[in-house]
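Scroll down for the structure; my scribbles are underneath it.
The values are calculated or read from the model by the stated rules, or taken from the named source; none is laboratory data. Only a predicted model underlies this, so the values are computations on that prediction, with no experimental measurement involved. Methodologically, a virtual Cβ is constructed for each residue, glycine included, from the backbone with ideal geometry; neighbour enumeration extends over all protein chains shown.
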Amino acid sequence: MNNIPIEKIAKATPDSVARHIRGLSDRSIAWIFVAPTIFLLLAINIFPLIWTVWLSFTNSRVNRPNRAVEWVGLRNYERILTDSDIWHTMQATAHFLIWTIVLQVLIGFMLAFLINKKFRGNDLWTTIIVFPMMLSPAVVGNFWTFLYQPQIGLFNYVIAFFSGADSASFSMIGDVDLAPWAIIIADTWMWTPFVMLICLAGLRSIPNSIYEAAECDRASKWRQFWTITIPMVLPFLMLAVLFRGIENFKMFDLVVQLTGGGPGNTTTLTSIDLKREAFEKWRTGYSSAYAVILFVTVFGLASIYVKALNKVKER
Amino acid sequence: MNDFINGLFRLRRGPWEMVASVLIALGVIMLMQPVAITLYTYSFIITLTGTVMFIVVSHFPE
């Protein structure tokens with residue numbers, strides 16, 4: 001028995017027995033671990049996406065399950081893309097998106113720059129500044145509704161104090177011109193700390209030795225800021241813009257709580273309009289087409305933005 | 001400019017990604033601009049073309 005070569009024994013062993021002895025291959029084990037995740041991904045992300053695309057070509061209404069669903073081709077897309085109300089909603093979203101990002105990045109970066117300096121009470125101030133971010137959007141919405149009250153609101157009182165105007169003479173959430181700014185101010189108050197934290201991480205990742213070398217070369221503080229600080233924080237800033245851009249494109253809760261999309265439809269953002277079409281008017285096919293248009297827009301924008309971010313990181 | 005056109009003819013990733021990015025950006029601007037509803041009407045097809053193109057050309061060689 002001892003004289004038989006090991007290869008011969010291995011070849012003589014039936015496949016089923018050999019498999020049992022060897023146990024599972026590394027590949028099989030990897031598949032067992034990965035399979036639940038892939039299944040969940042398909043069930044939660046991919047399937048609803050494909051289902052939505054299919055629904056967007058139909059006249060489906062989920063509140064009428066017994067009605068036959070008809071294929072309507074591109075009619076839903078045609079209606080949405082020729083609807084002037086939705087066009088205005090897109091403009092309101094763009095206004096909200098651009099101004100919140102600009103203000104949050106500017107104020108967030110300035111706060112991070114200040115907090116990055118060593119001073120007494122630094123940690124306490126960081127906690128105080130970060131506080132709004134920890135609140136629920138519903139709470140922030142309610143809170144700002146009271147602040148914007150024309151008679152008793154603190155916001156109106158402060159504006160009246162500095163401008164000399166009567167505090168009851170204007171209403172931030174009731175005025176067509178001021179309401180878009182009311183939601184921008186509330187969102188900026190809530191989410192600037194998030195941008196600040198990301199910028200702070202960027203500022204703290206810059207080694208001191210670079211500033212020391214710049215000092216040796218007699219670079220001014222201004223030059224150090226533009227040639228060291230900004231380029232090294234830029235990837236972090238871009239990441240913050242990406243996060244806030246995606247979040248604000250689907251902004252819903254805070255705005256509903258504050259203005260409910262009004263007055264008129266001046267603060268009706270796309271997500272609010274989409275929800276109304278889908279769950280108040282129950283136009284499932286139409287709202288699916290709306291959702292697909294928004295998805296393609298965000299996906300396209302995110303793709304080119306991530307490419308730009310990678311280029312900045314490579315520098 | 002010559003490199004860009006040569007890259008397009010030789011199906012290189014860089015120039016084609018640039019074209020796709022410009023289409024996406026143009027589509028988004030058209031979607032959200034307040035000037036003409038006609039631009040808004042054709043915005044989605046341009047964004048969709050750019051996005052699909054971006055996905056395809058990102059598999060082209062460098």
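Residues that are in contact with a Ser or Thr (Cβ under 8 Å, 6 or more places away or on another chain), within 26 Å of residue B:30 (Cα to Cα) and of a type outside the set (Ser, Thr, Tyr) were ranked within the range A:100-117; the one that is surrounded by the fewest Cβ atoms within 10 Å (Cβ to Cβ) is A:103.
Could you check, for the range A:73-87, whether at least one of its residues is without any contact (Cβ under 8 Å) to a residue 60 or more places away in the chain, loosely packed, with under 15 Cβ neighbours inside 10 Å, in a helix (DSSP H, G or I) and out of contact with any helix residue (DSSP H, G or I) (no Cβ under 7 Å at 6 or more places or on another chain)? Don't jump to the end; show me each part of the working.
Here is the first cut: in the range A:73-87, the ones without any contact (Cβ under 8 Å) to a residue 60 or more places away in the chain are A:73-75, A:78, A:82-84, A:87.
From the residues that got through so far, the ones that are loosely packed, with under 15 Cβ neighbours inside 10 Å too are A:73-74, A:78, A:82, A:84.
Within this subset, residues satisfying the condition of being in a helix (DSSP H, G or I) are A:78, A:84.
Now restrict to residues that are out of contact with any helix residue (DSSP H, G or I) (no Cβ under 7 Å at 6 or more places or on another chain): A:78.
Looking for residues that are without any contact (Cβ under 8 Å) to a residue 60 or more places away in the chain, loosely packed, with under 15 Cβ neighbours inside 10 Å, in a helix (DSSP H, G or I) and out of contact with any helix residue (DSSP H, G or I) (no Cβ under 7 Å at 6 or more places or on another chain), one finds at least one in the range A:73-87, hence yes.
Would it be correct to say that residue A:288 is touching a residue at least 12 places away in the same chain (Cβ under 8 Å), more than 20 Å from residue A:84 (Cβ to Cβ) and crowded, with 16+ Cβ neighbours inside 10 Å? If you could, list the steps in order and put the result at the bottom.
On the way: touching a residue at least 12 places away in the same chain (Cβ under 8 Å): yes; more than 20 Å from residue A:84 (Cβ to Cβ): yes; crowded, with 16+ Cβ neighbours inside 10 Å: yes.
Yes.
Looking at the range A:1-15, can you tell me whether even one residue there is out of contact with any strand residue (DSSP E or B) (no Cβ under 7 Å at 6 or more places or on another chain), surrounded by 10 or more Cβ atoms within 10 Å (Cβ to Cβ), more than 14 Å from every other protein chain (Cβ to nearest Cβ) and modelled with pLDDT of 90 or more? No, the range A:1-15 contains no residue that is out of contact with any strand residue (DSSP E or B) (no Cβ under 7 Å at 6 or more places or on another chain), surrounded by 10 or more Cβ atoms within 10 Å (Cβ to Cβ), more than 14 Å from every other protein chain (Cβ to nearest Cβ) and modelled with pLDDT of 90 or more. Considering (1) within 8 Å of the chain's Cα centre (by Cα); (2) within 16 Å of residue A:293 (Cβ to Cβ), the lone condition that residue B:25 does not fulfil carries the number (2).
Against the condition more than 14 Å from every other protein chain (Cβ to nearest Cβ), surrounded by 12 or more Cβ atoms within 10 Å (Cβ to Cβ) and basic (Lys, Arg), how does residue A:120 come out, does it pass? Even if it seems obvious, please write down each step before you answer.
Working: more than 14 Å from every other protein chain (Cβ to nearest Cβ): yes; surrounded by 12 or more Cβ atoms within 10 Å (Cβ to Cβ): no; basic (Lys, Arg): yes.
Answer is no for this residue.
I'm trying to understand the selection: among the residues of the range A:267-315, which are in a loop (DSSP other than H, G, I, E, B) and either farther than 19 Å from residue A:95 by Cα or within 13 Å of chain B (Cβ to nearest Cβ) (or both)?
Restricting attention to the range A:267-315, the residues satisfying the condition of being in a loop (DSSP other than H, G, I, E, B) are A:267-269, A:280-283, A:315.
A:269, A:280, A:281, A:282, A:283, A:315, listed by residue number.
Consider residue A:293 against the criteria (1) in contact with a Gly (Cβ under 8 Å, 6 or more places away or on another chain); (2) buried (at least 17 other Cβ atoms within 10 Å of the Cβ): it satisfies all of them except one. Which criterion is unmet? Here residue A:293 clears every test but (1).
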